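Worksheet: the structure to be examined is printed underneath.
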Amino acid sequence: MNDTNLDQVCREIRRLTLESIYSIGKGHVGGCMSIVEVLAVLYYRVMNVDPADPKMPGRDRLVVSKGHAGPAVYAALASRGYFPREELLTLNRTGTNLPSHCDMNKTPGIDMTTGSLGQGFSCAVGVAIGSELAGDGATVYTIIGDGESQEGQVWEAAMYAAHRGLSNLIAFTDCNRMQIDGMVDEVCSLGDLDAKWRAFGWYVQRVNGHDCNAIYEAIQNAKRREGQPSMILLDTIKGYGVQFAIDAGVGCHSMSVTKEQYEAAIGGLSGR
């Protein structure tokens, strides 16, 4: 798939995400928008998956540990054909298959139930170990937040993944520099995150998280790495592509979406 098509995919994922959040009136717009490019690259260019057979043996897996980004994941899945796009308008409603945080027992294409910060990352390490033991050839991908990286559970899992030399595990950190209480550096600084992951025994790269080509090349580099897991640090903007969310700053963590904001954002995406 060429770059123009990936750009179109990103716009579509953003539009579908906004539609679903607007349908319920409130949601995590900022943290959804900052991972759209990595979702597009994974689902449309990299991952070995089959929307017609979500449980396909040997498929690649994606564990989205930063659970607030669920609506963006659902939008990517619907765009890819895992379920009808109309279902996105049932987000967070009674009886929905699209709950606030991703649930592997409800949604086709979700490989692990997540939500509690740090928990999904630990699960991804376990899935990678299971895949290695099964010899199914799968690559396991996982996405965590920079605020989430303040959780001790993340670093326990990181240490064990390096101990096991899990070269089939490729992780991404969404470095949008914001969390619910403020800027990450002000709440609890992560310090030199590149050096920290290297110290834990991971192969580390840092790229522009809104550049699909850069993300793709980093993934290819990670796949060629043997004997250690990979961390790709994504420099992102919280709310990227949706101006009202960017303008809200830390207030875009969970926010109401007015009709005027929604219409302006959809118009902006259509005109880009």
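With distances taken between every two different alpha-carbon atoms, the stretch 62-187 has a Kirkwood hydrodynamic radius of 15.4 Å. Note on residue 97 and residue 164: the extension gain reaches 20.6 nm, defined as 0.36 nm multiplied by sequence separation minus the Cα-Cα distance.
With an a/c value of 1.5 or above and a/b larger than b/c for the gyration tensor axes a ≥ b ≥ c computed over the alpha-carbon atoms, the stretch 225-272 is described as prolate.
Using a cut-off of 22 Å between Cα atoms, the listed pairs 106/238; 26/259; 66/106; 55/106; 26/66; 66/238 include 106/238 as exceeding that distance.
Using a Förster distance of 35 Å, how high is the FRET efficiency between residue 199 and residue 134, based on the Cβ-Cβ distance and rounded to 0.05? E between residue 199 and residue 134, to the nearest 0.05, is 0.70. Tell me the trypsin sites (Lys or Arg not before Pro) within the stretch 65-122 that lie in a loop according to DSSP and have at most 13 other beta-carbon atoms within 10 Å. The qualifying sites are 93, 106. On a C-alpha basis, how far is the centre of the stretch 195-246 from the centre of the stretch 11-62 in Å? Whole number, if you could? Taking the Cα centre of the stretch 11-62 as reference, the centre of the stretch 195-246 is 17 Å away.
Here the extension length gained between residue 256 and residue 48 equals 71.3 nm, from 0.36 nm per residue of separation less the Cα-Cα distance.
Shape analysis of the stretch 181-272 places it in the oblate category; the axes a ≥ b ≥ c from the Cα gyration tensor give an a/c of at least 1.5, with a/b not above b/c. Can you compute the label reach from residue 243? Point 7 Å from Cα along the Cβ direction, backbone N cut-off under 19 Å, restricted to the stretch 18-41. Only 18-19, 29-30, 33-34 fall inside the zone, counting backbone N under 19 Å. Extension gain for the segment residue 104 to residue 24, taken as residue separation times 0.36 nm less the Cα-Cα distance, is 26.6 nm to one decimal. Summed over the residues of the stretch 23-103 and divided among them, the accessible surface reaches 34 Å² per residue at a probe radius of 1.4 Å. Helix 119-134 and the longest principal axis of the Cα set of the chain meet at an angle near 50°. Each of (1) 51, 45, 37; (2) 59, 40, 34; (3) 98, 46, 32 is a candidate for Cα extents along the principal axes in Å; the one calculated from this structure is (1). The angle between the Cα long axis of helix 70-80 and the longest principal axis of the Cα atoms of the chain comes to about 90 degrees, rounded to the nearest 10.
Once backbone amide H atoms are built at 1.01 Å from N, residue 172 has 142, 143, 144, 232 as its partners under 5 Å, excluding neighbours fewer than 5 places away on the same chain.
On the principal axes of its alpha carbon atoms, the stretch 118-215 extends 43, 32, 23 Å, with the longest extent given first.
The angle separating the long axis of helix 152-164 from the principal Cα axis of greatest extent in the chain is about 40 degrees. The share of accessible area on the chain that comes from carbon and sulfur is 48 percent, using a 1.4 angstrom probe.
The values are calculated or read from the model by the stated rules, or taken from the named source; none is laboratory data. A quick note: this is a predicted structure, and the numbers were derived from the prediction, not measured. As a convention, Cβ positions derive from the backbone with ideal geometry for all residues, glycine included, and neighbour counts pool all protein chains shown. We work out accessible area using only protein heavy atoms, side chains counted, and drop any ligands, DNA or RNA first. Shrake-Rupley method; radii C 1.70, N 1.55, O 1.52, S 1.80 Å.
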